[in-house]
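Shown next, in C-alpha cells, is the structure this report addresses.
Every number in this text was worked out from the coordinates using simple rules, so none of it is lab data. Since the structure is predicted, the reported quantities are computational estimates derived from the model, not experimental observations. Methodologically, a virtual Cβ is constructed for each residue, glycine included, from the backbone with ideal geometry; neighbour enumeration extends over all protein chains shown.
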Amino acid sequence: MSPDEPFDDGVAARAVIAADGTLTGWSEGARRLLGHTAADVVGRPAAELLAGSPDPPPVPIDGRWSGVLALRHRDGHTVSVWVLAHRRPPDGVETVDWVAVSPPDAADAELPDDPLVRAAVRQSPCAMMIFDDRLRLRGLNDAMADLLGLPADRLRGLKPTEIGSRPQNREFEENLRRVLSTGRRQDMQAYMKASGESRGAHAWLARIAPITDDSGQVRGVCVTAHDFSDQYRSRERLQLVNEASVRIGTTLDVTRTAQEMADVCVPALADFVSVDLLDVREHGGESAGPPTSPVSLRRSAHQSVNPDSPEAVVKPGQVDVYPENSPQAASLILGHTIVASGTEGALEQWLAWDPARFQRVREYGIHSTMSVPLQARGTTLGVAVFTRFQRPEPFTADDVLLAEEVAARAAVCIDNARRYSRERETTLTLQRSLLPRTLPRTAAVEAASRYLPAIRSGVGGDWFDVIPLSGMRVAMVVGDVVGHGIQASATMGRLRTAVRTLADIDLAPDELLTHLDDLVIRLSQESGVEAGTGEVGATCLYAVYDPVSRRCSLARAGHPLPLLVPPDGPARLLDLPSGPPLGVGGLPFEAAEVELREGSVLSFHTDGLLASRERDVDASQRMLLEALSASADSLDEICDRVLHALLPPGGSADDVALLLARTRGLPASQVATWDIPADPALVAPVRKQVVDQLDRWGLAEATFTVELVVSELVTNAIRYGAPPIRLRLIHDASTLICEVSDTNHTAPHLRRAKTWDEGGRGLLLVAQLTQRWGSRHTAEGKTIWAELALLPEEI
C-alpha cells in the first residue's frame, strides 16, 4: 500500500447480508481483513464469522448500527473490527439487504497527518467533509461527525454509499463524480433527517466544490452542509399560497371549492383536512355574526394522506352538532384560530365530549389540530380543521399564518359560490314562474317541451309557449333573449306576456314579430342602450297551425330554423325566410305557409341545443335530424333522446329550450260551412240548417243557445258587414265554435245598451251565452267567433 494513497479500492471491507442472515456479497477488502474468499462465505450464514456474541447485542436505530465486533479470521485467530451496518432499500424486490462495511483503518495503523485535510478543516466555517479523487472519505470535522452520528476517525476511507444506503447517498456520490470530472462546483438540496439529529427532517444544502493542487489538477472534493430549513419552509409556504390562489375557486360550486381547499392543504400543510360549513338550511344561507353554541356544521369536504380518509368521523353531506368546548365551535364563536396539541393534553380536553373522535385520535396517533374559521365579507361561513399524525412536528405560528391565508382565500371563493348559488336559485325561481308549468291540451296539437338552464352562466332568456287561438287553431312560439341572469329572465317574461297579448288579437306571425320588434326597441331605449347594438335583443319563432285546413303559417326573427318530421319520412329543415333579430328595427319580417299532414311533428329549439365545443353547428344539426327521425311513440321520449344525443353529460354551456308538437287534423265531418246571402229574411232558413246540422252531430242540447248566437252574428254581418258572408261551425268532443266572416274590416265592440235603446244588446247576449268570443282580422276582412263549452264545467 502506498503511503500517498492509503485508501485504494480493495482496502475497505464490505459485505452484503440478506434479510435471513445469509451472506450475498463479499468484497476484496473483506478478504484482506479476514482471509476468507467470496467462494468460502457467500451463501453461508453471516453469524458463522462471529467469534462470540457481541456485548451489548446489535440494536439497529433508524436502519443503522455501528460498533466493534469480534470476527473469526480464516486462520482461526480473532480480529476486533469496527463495523458500520445500514439497511439498503430494496430495488424492485421485497427482500431488504444489510450492507456492513469496515473502514481501512481497522487493519492499518493511524493515518499520517494530511496537510490537505488540515487546511480544509481549518478554513471551513461549517460542517465539512473531504473526499479524494477516488471518492474515499479523507476527513471530516466534528460538526459533520455530529450530523452523521458516527465517530470521525472510524469513517475515513469509506465512500458515500458505504456510509449510508439512502437514495440521497447515491445521488450525492454521483454529484461528487460530476464535480471531479468537470472541476465545477455544484449544489445539492435534500429534505431529510440527519442521522445524528433528534429533531425532525430538515432541508439541507450541500455545496460541493473541487479541491485543486498547485498545478490546477483536481485532487479531491470539499463538501459543506448548510441547514436552510427556514428558507425552504418559507418557499414552501409561498408555493402553497400561490397554488391555493390557482386551484381554489375554479368553479362556482360550494362543495367543489371546499374540496379544492382540502386537496391543496394535504399533504403540504396537514395530514388530514376537513371543511365544515354552517348548515344553510338552519341559517338560511347567511349568518349575520358569529354563531352560538351548539353549532350545526355540515361536512362539505375532507382529504387525507390515507386513501378513503379513514380518520373521518363524519361523511361529506352529513350534519354534526359541535358543543361549546369543541375546537370547531370555539374557533367559530371566538373568531380566531385555535391550536390544540396532544403533548399538552389539550386534545384530550377538547375531545372528552366525543368518544368516537377520541378513539380516532388514539388509533391514528393524532398529536396536533388547528381549527381555522372561514370568514368572508363579515360573514362566518364555517371552519376548516387541520390535523397532523404522520408529520411529527406540531403546528407552529408560521403554520397558523399560512392556514389562515389559505382559509381566507377559500372563504372568499366559497362565499362567491354561495352568492352565485342563491342568485342562480332566485333566477331559476323567476324563470320557472315565467315559463308555462304545463302545456295546454288542444285539439290542434299534442305538445311536449324541455328547458335546461346553463350549467355555469346561469339561466338565460330562453322560453317557449303554446297558445290556444280561436277556431281551434294554436300558436307555438320559441324565443331567446340575449344574455343570462335575472335581467334576461325579466326581459323574457315581458316578451312572453307581449306575445300572448298579441296572439290574443289574432295577428299574423309576421305582424306579431313586427310589434314585438318595436317592443324590444323600446326596452333598449328604457335601458339606455342604443337600438340595434344587440345589448338588449332577442330571437323568436312564431307559428300558427289550423287543424281544419291543416296549414301552418310561420315567421322567424333571427331564430334557428324549425324542423319537420313527416309521419312516414325522415326529419328535414323547414325553409323559412330569415328575418332580423328582434331589436334591430327597420327591416320587415316575412311569413311562410306549409301544409302539414296529420301526425307530423314540428320541432322548435333555441341555439343552446346546437352549441358545443366539441363539434360545429352542422354536425349538431345532423345529430338533431337523426335523433328526431328515430321512431318513437311519445313526444317526451323524443325530447329526452334529443337532449341525450346533443348535450354533454354535465349539461350545456348555454340554456336550452325545446318544443315538439305533433299535429292533429279535424275531419270534414266536424266542420260545416254555409254561404249567407245578404238578406235578413233568410236568417230563419239558416237557423233551420244549423239545427239540422246539430242534430246530425248529436248536439241537440246546445240547439237553443246556438240558434241565438247564430241569429245574432249573422244578422250583424248582414246589417253592418259586406258580402260575401260565410257561416262556419266547428266542433270536437268538448267545444263548439261558431264563426261568421265578411269582407268589412270594421270590428264590432261590446257595449251596454241604455234602457230605451232599440239595439246594442246582441253582442252582450252572445257574451253571456258563450264561454268566450272575439274577432280577428283576415286578409279578406274579419271573422267574429264565439265558443261554447259542450261539457259541463268542473266545480
* Go through Ala206, Leu155, Leu351 and say which Cα lies farthest out towards the positive end of the charge dipole of the chain; charges sit on Cβ, +1 for Lys and Arg, -1 for Asp and Glu. => Leu351
* Asked: Counting pairs of alpha carbon atoms under 8 Å apart in space and at least six apart in sequence, what relative contact order in percent does the chain give?
  -> 6 percent
* Asked: What nm distance separates the two modelled labels at His644 and Leu790, each placed 7 Å from Cα along Cα→Cβ?
  -> 3.9 nm
* Could you please rank Met129, Met492, placing first whichever residue has the fewest other Cβ atoms within 10 Å of its Cβ? => Met492, Met129
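With 10 angstrom as the radius, rank Ile676, Ile333, Ile414 by how many other C-beta atoms surround their C-beta, starting from the fewest.
Details: Ile676 22, Ile333 16, Ile414 28.
Listed from fewest to most nearby Cβ atoms, that is Ile333, Ile676, Ile414.
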* Roughly speaking, what is the stretch gain from Ser234 to Gln771, that is 0.36 nm per residue apart minus the C-alpha to C-alpha distance, in nm to one decimal? -> 185.2 nm
* Asked: Beyond 20 Å, what share of the Cα-Cα pairs of the range 668-789 remains, rounded to the nearest whole percent?
  -> 40 percent
* Asked: How many times 2.2 N^0.38 Å is the alpha carbon radius of gyration of the range 435-663?
  -> 0.96
* To do: Using packing as a proxy for protection, rank 477-483, 221-227 so that the peptide with the highest average count of other Cβ atoms within 10 Å comes first.
  => 477-483, 221-227
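Counting Lys and Arg as +1 and Asp and Glu as -1, each charge on the Cβ, what is the dipole of the chain about the Cα centre in debye, to the nearest 20?
520 debye
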* Structure fact -> To the nearest 20 debye, the range 404-497 has a Cα-centred charge dipole, built from +1 on Lys and Arg Cβ and -1 on Asp and Glu Cβ, of 300 debye
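Using a cut-off of 13 Å between beta-carbons, work out the net charge of the residues near Leu49 (Lys and Arg +1, Asp and Glu -1, Leu49 not included). Could the numbers behind the result be given before it?
Details: positive: Arg31, Arg44, Arg72, Arg74; negative: Asp40, Glu48.
Cβ neighbours under 13 Å give a net charge of +2.
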* Asked: Over the range 500-602, what is the mean sequence separation of C-alpha contacts under 8 Å (at least six apart), divided by residue count, expressed as relative contact order in percent?
  -> 31 percent
* **Alpha-carbon Rg with Dmax, taken over the range 582-649, Å** => 15.2, 44
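Could you tell me the ratio Rg/Rh of the range 233-423? Both radii from Cα atoms, Rh via Kirkwood. Provide the component values of the computation, followed by the final result.
Numbers: Rg = 15.3 Å, Rh = 16.4 Å.
Ratio of gyration radius to Kirkwood radius for the range 233-423: 0.93.
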* Asked: For the range 605-731, what is the convex hull (Cα atoms) projected area averaged across all directions, in square nanometres?
  -> 13.0 nm²
